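This report concerns only the one structure given below.
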Amino acid sequence: MLERSHIQSTGFRNVGPEGARTGFEVRIRQANYRSSRLSLIEGVDIMVDGVLYPAEDNLFRLGDKGYTRDELNEATQTRLYVGDYFTVVVPKEGGLERGVHLVGSAIHYRHPYFPPEFQPAIVRSERHATIILP
Amino acid sequence: MSSFRYGVSLYSYTDDFGTVMTLADAFDHVADTGSTGIEILGETSVPLYPEPPSAWIDDWFAKLERYKLEPTNFACWVDTRIQIDRNMSVEEGAAQIAQDLCLAHKLGFRFIRPKFGVIDHDLTPDPIWEGSVERNLDLANQLDLVILPEIHSPTPIRHPVTDAYVKFIERTGTKNFGLMIDTGIFQDRPIDHWGGGITDEIKKGAMSFLNGINTPVEHLEDVIQYVPFIQAKFHCIDENLHDHQIPWERIVPMLKKLGYTGYLSSEYEGKRDPWVAIEQVRRQHALIRKLEEEYDAANTETANA
């Protein structure tokens, strides 16, 4: 089972070769009460220590498959289930330093049954999480 | 004297399910309330929806038998604004409902609740609802299922949305379409802890969601003939069995007076700390059973006087 917080401790790590990191990634559990067609997720912003990494630059990964925002919109038949998680891959040359960071996420969900003025609904979360390997 | 039937929607356990609660745990909690019915959310409770593994289906029926529960309502969605730049067609909407009718039937349910996308602040459903449902009336009839859109805050009973559903029933003469009442429409005091995934932006822009629309319980009489199932929405019941938002002391006598004998399926939507929902649901069952018994006792005395 997953941690209660949307952002998970496990899965917060740098990516790319050691010494030449290309970015970092964050694991987030499905924060909606029902499974979401990926086409209903309009992207995920990430914040680390006050720096915003906007959704349009990030890659959404479910299992082994990565999706840009346009590719999410096309994925009408792929679902993010409750009890499952996705990963947001954030490009950042050099990655993040070893240690505890304040990490935030903002998932842009489109709920068709919400009034149009509340689409997308932005679900925010924030917690401390630790990078072990720089 | 005839009685309500008691059930629980697994929506109540949102956020617990998948972090601190399994489906087997949920069955145990529901059964221990004395309920006879279990309501699920297809996309949440059914792994690999819409095509659960056959081993899971076998286990589903084994659990129903073990815990002596019957499947009641299968909640589902018609995601009309399926892509950022495109809405579903009537054909796609109809296919979605057909898929959910078949899966609900396979799992033994009696009702499905499709939640349609909306086009305005009054929650007017996307116009494809009517054609999508009408194309499925024969299938629903064959499968002995009733399709129930919900009447949900901020839409009250006396409203064009409800009127359109009633007109549809009258025009088609169908027995396979009705209304589900969500008791959130009777909320008459503000909510302090919303568990419905509401965001800060929505709190600022839609106070009716938080303050309640206070639909008069007397309006139930207008539509009760079309209501075979009720979602017993609530947000907070304290240790004195006092509900802070939903006026059960008015709702229960009205439903009794109108002869309602369908399900009251708990839908807890309050504080989402781990395991809080388990106790909140139990309090609601204690409260409603108490009010029902009080009504029955008072009316037996009246009848005997």
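The values are calculated or read from the model by the stated rules, or taken from the named source; none is laboratory data. This structure is a prediction, so every number in the text was calculated from the model and none was measured. Counting neighbours? That spans all protein chains shown, and the Cβs are built from the backbone with ideal geometry, glycine included. For accessibility, only protein heavy atoms count, side chains too; no ligands or nucleic acids. Shrake-Rupley method; radii C 1.70, N 1.55, O 1.52, S 1.80 Å.
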(request) Could you tell me which residue of the stretch A:49-64 is nearest to A:Ile107 (Cα to Cα), considering only residues that are surrounded by fewer than 17 Cβ atoms within 10 Å (Cβ to Cβ) and hydrophobic (A, V, I, L, M, F, W, C)? (result) A:Leu52
(request) Check whether at least one residue in the stretch B:119-135 is open to solvent by 10 Å² or more (accessible area, probe 1.4 Å), under 30 Å from B:Asp58 (Cα atoms) and either away from chain A (no Cβ under 14 Å) or modelled with pLDDT of 95 or more (or both), and report yes or no. (result) no
(message) Go through (1) more than 14 Å from chain B (Cβ to nearest Cβ); (2) closer than 22 Å to A:Tyr109 by Cα; (3) in contact with a His (Cβ under 9 Å, 6 or more places away or on another chain) for A:Ile46 and report which single condition fails.
(response) (3)
(request) Consider B:Ile230 carefully, then state whether it is modelled with pLDDT of 95 or more, crowded, with 19+ Cβ neighbours inside 10 Å and either in contact with a Phe, Trp or Tyr (Cβ under 6 Å, 6 or more places away or on another chain) or not in a helix (DSSP H, G or I) (or both). (result) yes
(message) Tell me yes or no: at least one residue of the stretch B:14-36 is within 15 Å of the chain's Cα centre (by Cα) and facing another protein chain (nearest Cβ under 10 Å).
(response) yes
(message) Would you confirm whether or not the stretch B:74-87 contains a residue that is surrounded by fewer than 22 Cβ atoms within 10 Å (Cβ to Cβ), under 21 Å from B:Gly178 (Cα atoms) and not β-branched (Val, Ile, Thr)?
(response) no
(request) Pairs only if they're at least six apart or on different chains, beta carbon under 7 angstrom, first in the stretch B:163-183 and at pLDDT 95 or above, second surrounded by fewer than 16 Cβ atoms within 10 Å (Cβ to Cβ); list them, first residue then second. (result) B:Asn176/B:Asn141
(request) Evaluate the following for A:Tyr33: is it aromatic (Phe, Trp, Tyr) and either surrounded by fewer than 19 Cβ atoms within 10 Å (Cβ to Cβ) or more than 15 Å from the chain's Cα centre (by Cα) (or both)? (result) yes
(request) Identify the single condition in (1) under 14 Å from the mean Cα position of the chain (by Cα); (2) buried (at least 22 other Cβ atoms within 10 Å of the Cβ); (3) within 13 Å of chain B (Cβ to nearest Cβ) that A:Ser5 does not satisfy, given that it satisfies every other one. (result) (2)
(message) If I filter the stretch A:17-28 down to residues being surrounded by fewer than 23 Cβ atoms within 10 Å (Cβ to Cβ) and touching a strand residue (DSSP E or B) at 6+ places or on another chain (Cβ under 7 Å), which single residue comes out as nearest to the other protein chains (Cβ to nearest Cβ)?
(response) A:Arg27
